[in-house]
Amino acid sequence: MDLILWRHAEAQEHPGGEQGEQGDALDLARRLTPRGEKQAARMAAWLDRQLPEGTRIWSSPAVRTEQTAQAVQALGRKYRVSEALSPGATPAALLELVQWPGGRSPVLVVGHQPTLGQVVAQLLGMQAADCSVKKGAVWWLRQRERAGVPQTVIVTVQTPELL
């Protein structure tokens, strides 16, 4: 199974600044910046060339993640929204939604930090705080078996700046 984790592109700062709450109404309404819109479009074009047919796409309900996901929708791919991917979601909720590791089709998740980094860390056997996913970046992970032992491998890590 392939799991592709895409952190939303650059977004406006929380109107409450440092005092703003992750996942509150103001946070959920934050939009992409013009730079973020360009990042999302660049990454979406790259993903469109790479994603296998039948890839399921999920997005957090936050405006900035939906805007990021809409960049792939503009290329003819549909996505679905899940509360299980909201800011502050747990890695367990994300992995349950995508049916990791037993799902049959590849899944692309558009979500948030720290959840995406925590998922990467968990699947690669790292400490949760050891992995941060850059805004607009994609981490592509694959579950496979070698000699009867399940393994998670990194297929690629891509940032919009490198495209």
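The values are calculated or read from the model by the stated rules, or taken from the named source; none is laboratory data. Just so it is clear, the structure is predicted and the values come from calculations on it, not from any experiment. Here the Cβ positions follow ideal geometry from the backbone for every residue, glycine too, while neighbour counts run over all protein chains shown.
Among the residues of the range 78-88, at least one is within 19 Å of residue 31 (Cα to Cα) and without any contact (Cβ under 8 Å) to a residue 24 or more places away in the chain. As an exercise: evaluate residue 153 against (1) assigned to a strand (DSSP E or B); (2) within 12 Å of the chain's Cα centre (by Cα); (3) of a type in the set (A, V, I, L, M, F, W, C) and give the number of the one condition it does not meet. That leaves (2) as the condition not met. Among the residues examined, residue 117 qualifies as among the small types (Gly, Ala, Ser), buried (at least 17 other Cβ atoms within 10 Å of the Cβ) and farther than 18 Å from residue 1 by Cβ.
For first residues located in the range 15-40 and within 15 Å of residue 66 (Cβ to Cβ), partners that are modelled with pLDDT under 85 and lie 6+ apart or on another chain with Cβ distances below 7 Å form the pairs 27/20; 27/21.
Within the range 111-150, the set of residues being touching a residue at least 24 places away in the same chain (Cβ under 8 Å), farther than 23 Å from residue 72 by Cβ and part of a strand (DSSP E or B) comprises just one member, 150. Counting only helices (runs of 4 or more DSSP H) that sit wholly inside the range 8-105, those with at least 2 residues that are of a type in the set (Val, Ile, Thr) and either out of contact with any strand residue (DSSP E or B) (no Cβ under 7 Å at 6 or more places or on another chain) or modelled with pLDDT under 95 (or both) are 63-73.
I'd like to check something: does the range 41-63 contain any residue that is over 24 Å from residue 96 (Cα atoms), in contact with a Gly (Cβ under 7 Å, 6 or more places away or on another chain) and not small (Gly, Ala, Ser)? Within the range 41-63 (the criterion being over 24 Å from residue 96 (Cα atoms), in contact with a Gly (Cβ under 7 Å, 6 or more places away or on another chain) and not small (Gly, Ala, Ser)), the answer is yes, since at least one residue qualifies. Residue check: residue 106 meets all listed conditions (1) surrounded by fewer than 19 Cβ atoms within 10 Å (Cβ to Cβ); (2) in contact (Cβ under 8 Å) with a residue 40 or more places away in the chain but one, namely (1).
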